[in-house]
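The values are calculated or read from the model by the stated rules, or taken from the named source; none is laboratory data. Just so it is clear, the model here is predicted, and its values are computed rather than measured. Cβ: placed from backbone, ideal geometry, glycine included. Neighbour counts: every protein chain shown.
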Amino acid sequence: MKRKICVITGSRAEYGLLKPLLDEIKRDSNIELQIVATGMHLSAEFGLTYREIKTDGFIIDKKVNIHLNSDTPLGISRSMGAALAGFARVFTQLKPDLAVVLGDRFEIFSAVSAACVNRIPVAHIHGGEITKGAFDNAFRHAITKMSQLHFVALDEYRRRVIQLGECPDTVFNVGALGLDNIKNLKLLTKQRLEEDLDFRFNIRNLLVTFHPVTLENNTAQRQMRNLLAALDGLRDTNMIFTKTNADTDGRIINRLIERYAARNPRKAAVFTSLGRLKYLSAMQFIDAVVGNSSSGIIEAPSLKVGTINIGDRQSGRVKAKSIIDCPPSKKGIEGAIKKLYSKGFIKSLKDVHNPYGDGNAAKRIKRIIANHSLKDILKKDFYDI
């Protein structure tokens, strides 16, 4: 009898990471793949990115609409409630043997909560990490405690999951899924990318993705204005902006980006969603990923590209030497940009080592979720170190 594995995805970035794993599962004749799309995938404001999943040849078995029409704390709490109720119904209908989730977002927390109540075991990817500036940090660790199998990206993160009380036999260091895309995708040429994006690269180029720091109150507008002010002073520099996720105060950042791009059409382009192929293709032709996206921490070092990591959102993650940390002030960002273009830093990029793995995470995860015994897996003790 085929093992039914249900993969849940709620955002463009998360799906891009999960795609190599979905491919591996789909190729396994002993697994019945189920896909549930939720969150930003079903929102017109965020690009209706569920269509990308279908374009890639996958069947979406169920959709859970959580009504992302507000990014206030009240609005997100209501979305979490809708997700909990929606996934309770979906799990009753699909009856998966195992649910697979990635990361730390609020809709994933709700999905895993529903799985817990429905006695469905969960495999969690990217646990054990720390992002001190986001309330996702708490969601991630809570998801770990409701999960039975754990796929982490580093030995340090494996130790942290075990420290949370998880049995070492269920915690696997497989590396980061994002590197699978870099290893396996045929990235676009500069000419093709310029045509597809209607964008022209300049002498210098930056890829900008900035999200709200959700554990701070009312800082999104000030920090984004500081970033734009620092970028505005650059010469011969073009910028590709991607919009923020559905986080608290994310719409404030998106409006500022749109206004900036409208005032500077020759040097700034903004996209709701680039998708994994165009995003990674752009990354290979830019000087740095700028902002506070995990892609600058995990994927950029493999392409020998610098990262300007602003503020506290990613504080706590293990980082390659290609990451330049700076405060979210105009002066701090300007200092980081100056370092980015220094001869010493540019030379150092050639020898950058990415600590997040070798690009074979999907194969490792698929092999384990296909073969690991699920008998009595819900009954677990707290592993005391």
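In table form, for the structure just shown:
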{"item": "Unmet requirement for ASN309, which otherwise passes all of (1) surrounded by 23 or more Cβ atoms within 10 Å (Cβ to Cβ); (2) in contact (Cβ under 8 Å) with a residue 40 or more places away in the chain", "result": "(2)"}
{"item": "Qualifying positions in the range 51-104 - more than 27 Å from ARG119 (Cα to Cα) and not charged (D, E, K, R)", "result": "ILE53, THR55, GLY57, LEU68, ASN69, SER70, THR72, PRO73, LEU74, GLY75"}
{"item": "Any chance ILE337 is within 22 Å of THR209 (Cβ to Cβ) and out of contact with any Asp or Glu (no Cβ under 8 Å at 6 or more places or on another chain)", "result": "yes"}
{"item": "Qualifying residue in the range 40-62 (condition: among the hydrophobic types (A, V, I, L, M, F, W, C) and buried (at least 22 other Cβ atoms within 10 Å of the Cβ))", "result": "yes"}
{"item": "Residue in the range 321-339 that is in contact with a strand residue (DSSP E or B) (Cβ under 7 Å, 6 or more places away or on another chain), of a type in the set (S, T, N, Q), over 30 Å from ILE120 (Cα atoms) and surrounded by 14 or more Cβ atoms within 10 Å (Cβ to Cβ) present", "result": "yes"}
{"item": "Failed item in (1) of a type in the set (D, E, K, R); (2) surrounded by fewer than 16 Cβ atoms within 10 Å (Cβ to Cβ); (3) modelled with pLDDT under 95, with LYS343 passing the rest", "result": "(3)"}
{"item": "Failed condition for ARG266, given (1) over 30 Å from LEU74 (Cβ atoms); (2) touching a residue at least 40 places away in the same chain (Cβ under 8 Å); (3) among the charged types (D, E, K, R)", "result": "(2)"}
{"item": "Scan of the range 39-51 for residues that are touching a residue at least 24 places away in the same chain (Cβ under 8 Å) and under 11 Å from TYR15 (Cβ atoms), ordered by number", "result": "GLY39, MET40, HIS41, THR49"}
